[in-house]
Amino acid sequence: MRHKIGGRGVTWNELEVACDESGSDGENLTGGNTDVFAHASVRLPVDSAAGFVQEIRNRIRSPAEEYKANHLLREKHRAVLEWLLAPGGPIHGTAHVHLTEKAFFVVDRTADLLLDDGTEGLALFRDGPRAFGEEGWREFLEAANQLLRVRNDGEPAEPVDTFFRAVDDLRRTHSRTALALTLERLAAARPRADSYRAAILDRPVLVPVLNPLLPAIVRTAAHWSAGGRRVRLVHDRQNMLTPERIAWIEETARRAGIGLDGVRLVVAREDPRVQLADFLAGIARKIASDVLHGRADPVLTALLRPYVDPASVWGDPAGRALFGEENGVGENNRSVPSADFNSAV
């Protein structure tokens, strides 16, 4: 049996899920405008989604031609926001959001490249700010971001030199901390860093290891295909999603045993399901950022919690407010596929 979703024929055991993101700063994860990246997805028929989008417009009554999450986040529209997220609300049980804490993503991928050890990366992330001080930790994060970032406007060797100068400075001033051994291991890993930067210069990069979008899409497909279902993803168009990168997503999913049948790009304003995903992504990013900075709204945090992927890339213990005490914050992030440091370039 087949039925129509969004104008496409979909089999009875196949889902079509609409996606969008919020908080994208490309590979600039430590100096961008946001500290959280959110990738949201919604599973609803087009007609139902259109009705919910219209209901939001009717309740908010803004003259804006295109609504965004910030309309719902205004205090005067708090009741509409709570209605959207609440149990029994329009997207409850039919939506999902994968979160990436950007600073942790940088440390996690740095540890993956240089140490082959995500667990050590988690310890470095949690203990680093206290051990190194705010300034030392910030310098380390920025240097790590530049080391892994594909784009470099300076000398070819500059990202490697800058990172290992930062590591050496920390080794000299924090040799008696619990992270001394980690710093020694990082300092010994310069050949890996040199090889990584040389590979970037040698040929174009297909999958930047610091862009959280692509692994988040794979994780979204894994969520919706759990239990043996097949899933198609409908995603808002953006420059990052080239045909080659979509092929990488599909191949990565296939290798992981994820039932992804393809990714189709659409214009967000032409698909109300994508508009709802856009709302949820922006809302989730703001709520999660507030949790990070110690200004969490307990009501909104509790309302968001059922939507949040427990395998989100998150290291800060404050994330328990988002994921629940039963989920080990930062323990599950390795289930999110990352680009292979050799095959991605």
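Across the range 157-163, computed HN-Hα scalar couplings (Karplus, 6.51 cos²θ - 1.76 cosθ + 1.60, θ = phi - 60°) run 7, 4, x, 5, 4, 5, 5 Hz from first to last residue, x flagging Gly and Pro.
Taking the charge dipole of the range 147-195 about its Cα centre, with +1 at Lys and Arg Cβ atoms and -1 at Asp and Glu Cβ atoms, the residue from LEU186, LEU148, VAL160 reaching farthest to the positive side is LEU186.
Residue-wise HN-Hα couplings along the range 27-39, as the Karplus relation 6.51 cos²θ - 1.76 cosθ + 1.60 with θ = phi - 60° gives them from phi, are 9, 8, 8, 10, x, x, 8, 9, 10, 9, 10, 10, 10 Hz; Gly and Pro carry x. The helix-based estimate of mean residue ellipticity at 222 nm for the chain, built from -39,500 (n - 2.57) per DSSP H run of four or more residues and divided by its residue count, is -15000 deg cm²/dmol to the nearest 500.
Between the Cα long axis of helix 272-292 and the first principal axis of the chain there is an angle of about 40°, rounded to the nearest 10.
How big is the charge dipole of the chain about its Cα centre, in debye rounded to the nearest 20, if each Lys and Arg gets +1 on its Cβ and each Asp and Glu gets -1 on its Cβ?
Values: 44 positive and 49 negative charges, 196 e Å.
Charge dipole of the chain: 940 debye, to the nearest 20.
Taking the charge dipole of the range 150-254 about its Cα centre, with +1 at Lys and Arg Cβ atoms and -1 at Asp and Glu Cβ atoms, the residue from HIS174, LEU213, ALA199 reaching farthest to the positive side is LEU213. Here the chain exposes an accessible surface that is 47 percent carbon and sulfur, computed with a 1.4 Å probe and the other protein chains kept in place. Rounded to the nearest 0.05, what FRET efficiency is calculated for ARG78 and ASP25 with R0 set to 25 Å and r the Cβ-Cβ distance? About 0.35, to the nearest 0.05. Converting phi to 3J(HN,Hα) with the Karplus coefficients 6.51, -1.76 and 1.60 and the offset θ = phi - 60°, the range 169-179 yields 4, 5, 4, 6, 9, 9, 6, 9, 8, 5, 9 Hz in sequence order, with x at every glycine or proline.
Here the label points at VAL205 and THR119, each 7 Å from Cα along the C-beta direction, are separated by 2.9 nm in the simple model.
A straight line joining the Cα centroids of the range 20-96 and the range 255-280 runs 14 Å. Here is the list for the range 233-315: trypsin sites (Lys or Arg not before Pro) lying in DSSP coil, each with at most 16 other C-beta atoms within 10 angstrom of its C-beta, are ARG237, ARG295.
Rounded to the nearest whole angstrom, the semi-axes of the ellipsoid equivalent to the chain, taken from the Cα gyration tensor as √(5λ), stand at 36, 23, 17, largest first. One Cα centroid belongs to the range 151-195, the other to the range 97-121; the line between them spans 16 Å.
Shape analysis of the range 156-225 places it in the oblate category; the axes a ≥ b ≥ c from the Cα gyration tensor give an a/c of at least 1.5, with a/b not above b/c. Between the beta carbons of GLU134 and GLU158, assuming R0 = 25 Å, the FRET efficiency works out to 0.55 to the nearest 0.05.
Residues whose amide H comes within less than 5 Å of that of ARG232, counting only those at least five positions distant or on another chain, are LEU15, GLU16, VAL17, ASP261 (H built at 1.01 Å from N in the peptide plane).
Note the direction-averaged projected area, equal to a quarter of the hull surface, for the Cα convex hull of the range 192-278, in nm². Averaging across all directions leaves 6.8 nm² for the Cα convex hull.
Ligands, DNA and RNA excluded, the heavy atoms of TRP248 present near 40 Å² of accessible surface to a 1.4 Å solvent probe. Accessible area per residue for the range 121-160, computed on protein heavy atoms with a 1.4 Å probe, is 51 Å². Based on protein heavy atoms only, the range 208-294 ends up with 38 Å² per residue of surface accessible to a 1.4 Å probe. Ordered by solvent-accessible area of protein heavy atoms (1.4 Å probe), largest first, the residues GLU27, GLU65, GLU16, GLU139 come out as GLU65, GLU139, GLU27, GLU16.
Charges were assigned to the Cβ only: +1 to each Lys and Arg, -1 to each Asp and Glu. The resulting dipole of the range 27-168 about its Cα centre is roughly 1120 debye. Would any residue of the range 264-303 have its amide N under 16 Å from a label point 7 Å out along Cα→Cβ of HIS92? List them or say none. Counting backbone N atoms under 16 Å from the label point, the list is 299-303. In loop segments of the range 252-329 as defined by DSSP, the GluC sites (Glu not before Pro) with at most 16 further C-beta atoms inside 10 Å of their C-beta are GLU325, GLU326. Of the chymotrypsin sites (Phe, Trp or Tyr not before Pro) found in the range 152-232, none is in coil by DSSP with at most 16 other Cβ atoms within 10 Å of its Cβ.
Using only alpha-carbon positions in the range 13-55, the gyration tensor eigenvalues give semi-axes of 30, 14, 6 Å once each is multiplied by 5 and square-rooted (largest first). Backbone N atoms of the range 222-265 closer than 17 Å to the 7 Å Cα→Cβ label point of ARG151 belong to residues 238-242.
Springs join every pair of Cα atoms under 10 Å in this Gaussian network model of the chain, and among GLU155, GLU120, GLU82 the largest mean-square fluctuation is at GLU155. Surface calculation, 1.4 Å probe, protein heavy atoms: ASP127 sits at approximately 50 Å² accessible. Run the Debye formula on the Cα coordinates of the range 1-144, all scatterers equal and no solvent, and tell me log10 I(q)/I(0) at q = 0.12, 0.17 1/Å. Cα-only, vacuum Debye calculation for the range 1-144: -0.73, -1.01. When the residues ASP169, ASP47, ASP290, ASP116 are ordered by accessible surface, computed with a 1.4 Å probe over the protein chains alone, the sequence from largest down reads ASP47, ASP116, ASP169, ASP290.
The values are calculated or read from the model by the stated rules, or taken from the named source; none is laboratory data. Given the structure is predicted, the values throughout are model-derived calculations rather than measurements. Because the Cβ atoms are built from the backbone with ideal geometry, glycine has one as well, and the counts that use them run over all protein chains shown. Keep in mind that these areas ignore ligands, DNA and RNA; they rest on the heavy atoms of the full protein, side chains included. Shrake-Rupley method; radii C 1.70, N 1.55, O 1.52, S 1.80 Å.
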